[in-house]
Amino acid sequence: GNTSHVAILARSLGVPAVVGLGGAAVALTDEDVVALDGTDGLLVVGPDQETIEKYNLLTRQQVKTHQKLEHHKDLPAETPDGHRVAMLANIELPVEVEEALARGAEGIGLLRTEYLFFQHHTIPTEDEQVKVFTEIVRRMKDRPVTFRTLDVGGDKVSDYLGAKREYNPFLGWRGIRFSLANLPLFKTQIKAICRAGAAGRVQLMFPMITGLQELRQAREILGEAVAELERDGVEYARDIPVGIMVETPSAVLAADLLADECDFFSIGTNDLIQYTLAMDRGNSRVSYLYKPLHPAVLRSIHQTVEAGHAAGIHVGLCGEMGSETRLAEVLLGLGLDEISTHGAALPKIKQVIRWTGMEEARRVRDEVMSARTADEADRWLAAYIAGRKQKREAEGKRAT
Ligand code: PEP
Ligand code: MG
């Protein structure tokens with residue numbers, strides 16, 4: 001699936017990738033010449049000259065588009081009528097910090113800490129984690145870095161951590177469930193994050209929260225970790241903002257309760273779509289069901305934003321949905337305070353926000369939300385985007 005962790009990692013590292021090809025990829029040999037089209041999800045085996053030229057042209061155009069968007073880097077994602085959205089980056093590995101900064105990220109909205117654990121095949125010590133985390137925080141200077149505590153399980157299994165394959169892994173021992181069952185490991189990670197906070201600004205975020213009880217338990221461990229750091233006279237950041245990923249249907253339905261006891265929400269649409277539409281994000285047979293514009297998904301995001309704002313907390317979105325340029329107006333209209341996505345997608349999303357007024361964005365939101373099916377919403381949005389493109393081209397011509 002497009003939101004499986006392998007696909008996410010490839011996107012983050014800027015590696016063109018196509019998933020779900022089944023046996024087709026295995027049948028290739030090292031001698032085969034192929035064209036890999038990560039945008040349209042195509043692998044063309046033995047492309048003819050015309051196809052090769054088409055892709056060479058597309059590559060040059062893409063480089064040009066990136067260069068054109070360069071000047072956006074230091075501009076805010078602010079609509080013409082003054083509504084501002086924070087644009088942050090998702091990272092998996094420390095090497096991605098440079099890319100995030102180069103694309104103008106205002107911070108790290110999601111740091112998936114599990115990759116540090118997977119790289120070494122042994123549990124990193126507190127000091128080892130502090131070293132890696134501090135380096136990231138320092139390089140981000142005064143920009144916030146949101147550390148998500150370990151989210152193993154699902155498609156991120158690891159024998160050495162004891163999170164083995166399960167019959168129903170995405171409904172199994174995953175995310176906060178794993179951490180709450182491995183308290184020494186959880187507390188060590190929290191301590192490392194608090195200590196890294198001494199070098200800049202950090203935020204703490206818990207994955208896979210399904211209700212208040214888990215949030216309270218996690219906060220209790222945070223309290224113990226802080227008390228121990230205090231007792232030991234170790235330098236650490238006090239009063240770190242604590243947030244949760246809203247990525248389960250139960251978190252959406254209980255969002256008002258959760259909002260009262262945390263500092264921010266970050267909507268994880270990869271899982272939220274998986275769980276809401278009951279489609280395994282790693283299974284290519286059901287990947288056609290991944291529909292960000294499904295009424296249930298849009299209502300879930302809307303409800304979460306409303307609940308968060310009613311409680312006065314910041315609501316962001318850090319799923320892959322945030323990287324789809326075609327959805328930028330919809331997300332703007334839904335009232336998100338922040339979008340966090342892989343670095344390369346930031347400039348395009350920012351551009352759309354910079355040319356869309358809030359009234360327009362709310363109209364787009366209302367239109368897609370009034371559609372009765374995802375396909376209906378998709379069709380409306382495609383027509384709207386085509387019309388907007390025509391309008392902008394006409395305006396551009398008039399201006400020249
Ligand atoms: C999500 O679920 O949308 C998310 C951002 O987290 P992950 O992809 O790591 O599960
Ligand atoms: Mg998730």
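Summary of values
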item	result
Among (1) away from ligand 1 (no atom under 16 Å from the Cβ); (2) touching a residue at least 12 places away in the same chain (Cβ under 8 Å); (3) part of a loop (DSSP other than H, G, I, E, B) - the single one residue 239 does not satisfy	(2)
Close pairs (6 angstrom Cβ cut-off, 6 or more residues apart or separate chains): open to solvent by 50 Å² or more (accessible area, probe 1.4 Å) in segment 299-314, in a helix (DSSP H, G or I) anywhere	303/252
Boolean, residue 175 is on the phi > 0 side of the Ramachandran plot and away from ligand 2 (no atom under 16 Å from the Cβ)	no
Residues (in contact (Cβ under 8 Å) with a residue 12 or more places away in the chain, assigned to a loop (DSSP other than H, G, I, E, B), farther than 14 Å from residue 343 by Cβ and open to solvent by less than 40 Å² (accessible area, probe 1.4 Å)) located in segment 77-124	79, 113
Residues within segment 1-45 that are assigned to a helix (DSSP H, G or I) and open to solvent by 40 Å² or more (accessible area, probe 1.4 Å), tallied	7
Pairs, first in contact (Cβ under 8 Å) with a residue 40 or more places away in the chain in segment 357-368, second open to solvent by 20 Å² or more (accessible area, probe 1.4 Å), C-beta under 6 Å, six or more apart	357/80; 357/81; 358/81; 358/83
Odd one out for residue 250 among (1) within 16 Å of ligand 1 (Cβ to nearest atom); (2) surrounded by fewer than 22 Cβ atoms within 10 Å (Cβ to Cβ); (3) modelled with pLDDT of 95 or more; (4) not in a helix (DSSP H, G or I)	(4)
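Conditions (1) more than 14 Å from ligand 1 (Cβ to nearest atom); (2) within 26 Å of residue 367 (Cα to Cα), marked per residue:
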site: 234; (1), (2): yes, no
site: 257; (1), (2): yes, no
site: 291; (1), (2): yes, yes
site: 317; (1), (2): no, yes
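The values are calculated or read from the model by the stated rules, or taken from the named source; none is laboratory data. In this text the structure is predicted, and so the values were computed from the model without any measurement. Using ideal geometry, Cβ is built from the backbone for each residue, glycine included, and neighbour counts are taken over all protein chains shown. Areas reflect the complete protein model, heavy atoms only, side chains present, ligands, DNA and RNA absent. Shrake-Rupley method; radii C 1.70, N 1.55, O 1.52, S 1.80 Å.
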